[in-house]
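The values are calculated or read from the model by the stated rules, or taken from the named source; none is laboratory data. Note that the structure is predicted; figures quoted are calculated from it, not measured. Every residue, glycine as well, gets a Cβ built from its backbone with ideal geometry; the counts of neighbours run over all protein chains shown. To get the accessible areas, we keep the full protein, side chains included, count just its heavy atoms, and leave off ligands, DNA and RNA. Shrake-Rupley method; radii C 1.70, N 1.55, O 1.52, S 1.80 Å.
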Amino acid sequence: MKYLSLLSLIVSMLLAAACYQLWQQSQQLASQMQSIQSHNEELLAELKANQDEMSFMREKLLEFEKHSLKGIADQANDAFLEGWESLIGIVGKEIDQARQNLEQQRRKQAEPAKPPADQGSKNDSSATET
């Protein structure tokens, strides 16, 4: 019986030591889990910041493309073409106006010169008086 109680005491001590080691490991795992969780939160915050920065950079890239050499050249070409179209329209109007003026001058030259009615009656009266 003495051996039995001594054996049960040794088994109890071994079980107590095993429980203590398990408790210690669970504490270590909990602290590791907490550090991993905090590291995960830091990485998520960094990811969010990087996504925001990428979005900002995309907007800036689109803006730079508009103001790039190609974008400026496209805008300049559009303005140049609009200027030429306007100039051609003005020249066309001036040509039409010049044609109308020439036609009016030709009509005036083609019409026979009519003597004014007042001058004809004065000439007749002066001829009869003499």
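Overview of results
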read-out: Filter result for Phe56 (of a type in the set (Phe, Trp, Tyr), at pLDDT below 95 and open to solvent by 100 Å² or more (accessible area, probe 1.4 Å)); value: no
read-out: Inter-residue pairs, beta-carbon under 9 Å, first small (Gly, Ala, Ser) and in the stretch 32-61, second outside any helix (DSSP H, G or I), 6+ apart; value: none
